[in-house]
Amino acid sequence: MIEGKLALHQRLGIQVGVAVAVLVAVAFTAASGFVVRRERDTLTREFTLRLLAETRSLAVATSGPLLRLDPELELHPLIQRALSETPDLVDLVVLDSQGRIQGHRELYRVGALYEPGRRGIPIELTGARAGEAARSERGFIVVEQSIRHLGQPIGLLVARASSHSVEQAVRESRRHLAVVGTLVTVLTILSAFGFVRLGLRSLDELQRGVLDLGSGDLRARVHVRSRNELGLFGELLNRMADGLQRAQTDLVHKERLDREIEIAHELQSMLLPRGSVAVPGYDLESRYISALEVGGDYYDIVPLGGERLFLVTADVSGKGIPGLVVMSMLRTALHARAHPGMLLPDVLVAANAMLRSTVKRGMFVTCHVGILDLRSGIYRYVSAGHCPPIRFGDGRSEVLPAGGKPLGFFPDSVLSRSLVERSTCLEQGDGLILYTDGLVESMDAAGQPLGIELVLERLRSSHAPSGPRTGRAEAPIPDAARLVDELIALVNAHRGDQRPSDDLTMTVVRREPSRAAAGVGGRA
């Protein structure tokens with residue numbers, strides 16, 4: 001009878017041991033599948049974000065050559081260098097706006113229509129920007145990066161990178177899990193009796209740890225103090241949890257980077273004028289709306305001696321931290337030479353010399369500088385490839401001539417020959433608008449820009465002539481702040497639900513109809 005009971009307990013022990021082994025195998029498979037999926041997703045996102053960062057700089061570098069008559073002469077060595085410096089990159093194609101190949105590792109394909117491969121699975125990334133897309137094909141990650149010039153798309157950069165390193169890491173993890181899983185199962189069956197007596201408590205702790213990890217609590221750990229296969233399994237799960245927690249730490253670092261970008265935004269606001277400039281006889285209003293955390297527009301209003309006002313509006317081709325650095329250098333160069341007797345072309349040439357010696361190739365700045373004589377209303381200005389100013393008043397509006405080449409791109413001699421100083425006179429009631437391309441190039445849902453004509457029409461309607469000669473009732477002319485609000489409302493109405501594609505900066509200067517003593521006050 002005792003032997004029968006022992007045999008019964010032994011059989012029960014074996015059955016329980018097998019049941020425990022099956023349970024462990026199922027739990028291990030579920031946890032392994034979860035961990036492998038998380039690891040693949042994490043590695044794929046990190047790989048794609050790194051590829052996006054590399055292609056952003058490549059898109060900026062290819063924008064200049066793409067505008068030339070023979071882009072392939074510069075794009076081919078650029079593509080070869082990028083392929084040699086980035087081992088994972090297997091293909092790089094530069095397309096123009098018509099979808100034709102302008103840059104390829106094989107020169108004979110230049111000029112042909114690009115035939116995209118089989119569409120893969122889109123990759124959703126929180127760090128992607130407008131004009132960027134990524135997808136996963138079999139064994140590859142494909143990134144499409146919009147090539148822009150002055151905020152407008154002029155082409156497309158298609159990069160194909162091998163995801164072999166990601167898959168290899170996942171395979172290694174899967175093999176390791178398979179070996180450990182097999183070992184755990186075999187050892188569990190061989191030690192059935194001891195497992196029944198001592199392992200149930202450890203198994204309970206193991207299950208709790210797996211469930212905590214499966215619920216997404218990466219700080220949870222499996223507390224199994226035994227030295228058998230369950231202890232080995234718990235240690236393996238803890239190691240995998242450590243890896244996932246490190247991935248989460250990387251996400252925290254990204255959030256810290258976002259905070260640094262926020263600080264850069266605050267630094268940018270320090271570069272711009274604070275408050276308004278009080279000028280008797282004139283009404284001034286400036287507004288700056290950034291499309292990203294750190295924009296690339298810059299404006300300034302600097303009172304000079306001799307009842308003069310120095311006005312600046314500029315647009316840096318690069319955004320983010322590089323654009324902020326260039327903006328700071330431009331501000332330093334202009335402020336260093338801001339005095340009543342300065343020659344505007346010489347100021348821009350000096351700023352160009354500083355920018356060309358420091359900024360990376362491909363970056364440039366469009367800039368408008370001018371001096372307003374407050375007593376006479378004469379405004380002298382020079383444009384370096386910037387948007388032409390608009391003059392308005394008494395039911396009329398017109399675009400003033402501009403021109404010039406941008407700063408930071410051409411030699412000083414070439415830039416100097418392109419700079420022409422022009423002038424206009426603001427009569428009482430007349431006004432002037434200095435702006436960046438975010439005003440007239442704002443896109444609607446169909447991709448159509450707002451255009452300068454709608455802006456001119458709004459200015460004519462806002463400053464329509466009134467009084468006995470026109471048969472209209474006297475109506476107050478809108479002040480500069482209200483006029484800026486109207487133009488921003490016009491841009492928002494045209495854009496609709498679309499995100500802004502570029503920064504928007506405006507400075508409105510209007511000479512008041514009534515005579516007032518001219519003079520420059522301090523910052524309000």
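Only the coordinates and a few stated rules stand behind these numbers; no lab work does. Just so we're clear, the structure is a prediction, and the values are computed from it rather than from any experiment. Neighbour counts are summed over all protein chains in view; Cβ atoms, including those assigned to glycine, are modelled from backbone coordinates with ideal geometry.
Among SER413, SER461, SER162, what is the fewest-to-most ranking by other Cβ atoms within 10 Å? Kindly include the intermediate steps, with their values, before the conclusion.
Values: SER413 8, SER461 11, SER162 16.
Listing SER413, SER461, SER162 from fewest to most nearby Cβ atoms yields SER413, SER461, SER162.
Relative contact order for segment 51-162: what percent, with Cα pairs under 8 Å and sequence separation of 6 or more? Could the numbers behind the result be given before it?
Values: 200 pairs, mean separation 33.1, N = 112.
Contact order relative to length: 30 percent.
Could you calculate the FRET efficiency of GLU398 with ARG246 from 1/(1 + (r/R0)^6), where r is the beta carbon distance between them and R0 is 35 Å, rounded to 0.05?
0.05
For a Förster distance of 51 Å, can you work out the FRET efficiency between the beta-carbons of ARG37 and SER376, rounded to the nearest 0.05?
0.10
Take TYR288, TYR298 and order them by how many other Cβ atoms sit within 10 Å, fewest up front.
By the 10 Å Cβ count, ascending, the order reads TYR288, TYR298.
Under a Cβ-Cβ cut-off of 9 Å, what is the net charge of the residues other than THR55 that fall near it, where Lys and Arg count +1 and Asp and Glu count -1? Numbers along the way, then the final one.
Values: positive: ARG56; negative: GLU54, GLU132, GLU144.
Neighbour charge sum, excluding THR55 itself: -2.
Would you order PHE410, PHE392 from fewest to most other beta-carbon atoms within 10 Å of each residue's own beta-carbon? Present the calculation step by step, with values, prior to reporting the outcome.
Numbers: PHE410 18, PHE392 23.
Going from least to most buried by this count: PHE410, PHE392.
In whole percent, what relative contact order does segment 290-440 give with Cα contacts below 8 Å and a gap of six or more residues?
Values: 306 pairs, mean separation 34.5, N = 151.
Over segment 290-440, the number comes to 23 percent.
With a point put 7 Å past each Cα toward its Cβ, work out how far GLN448 is from ALA169 in nm, to one decimal.
In this crude spin-label approximation the distance works out to 4.8 nm.
Using a ≥ b ≥ c from the Cα gyration tensor of segment 275-511 (square roots of the eigenvalues), is it rounded, prolate or oblate, where a/c under 1.5 gives rounded and otherwise the larger of a/b and b/c decides, a/b for prolate?
Oblate is the answer for segment 275-511, as a/c is 1.5 or above yet b/c matches or exceeds a/b.
Using the beta-carbon distance between HIS176 and ALA493 and R0 = 56 Å, what value does 1/(1 + (r/R0)^6) give for FRET efficiency, to the nearest 0.05?
Between HIS176 and ALA493 the formula returns 0.45.
If I model a spin label at SER84 and LEU183 as a point 7 Å from the Cα along the Cα→Cβ vector, what separation in nanometres do I get?
In this crude label model, SER84 to LEU183 measures out at 4.5 nm.
Roughly how many whole Å is it from the C-alpha centroid of segment 50-129 to that of segment 431-450?
29
Can you check what the net charge comes to around GLY306, using other residues whose Cβ is under 15 Å from the Cβ of GLY306 (Lys, Arg +1; Asp, Glu -1)?
Charge balance near GLY306 sits at +1.
Sticking with the crude label model, points 7 Å out along Cα→Cβ, report the distance from ASP70 to ALA112 in nm, one decimal please.
About 2.2 nm separates the two model spin labels.
How much length is gained on full extension from ALA130 to LYS360, taking 0.36 nm per residue of separation minus their Cα-Cα distance? Numbers along the way, then the final one.
Working: separation 230, 0.36 × 230 = 82.80 nm, distance 2.31 nm.
Computed gain between ALA130 and LYS360 is 80.5 nm.
What does the C-alpha gyration tensor say about the overall shape of segment 362-459? Classify as rounded when a/c is under 1.5, otherwise prolate if a/b is larger than b/c, or oblate.
oblate
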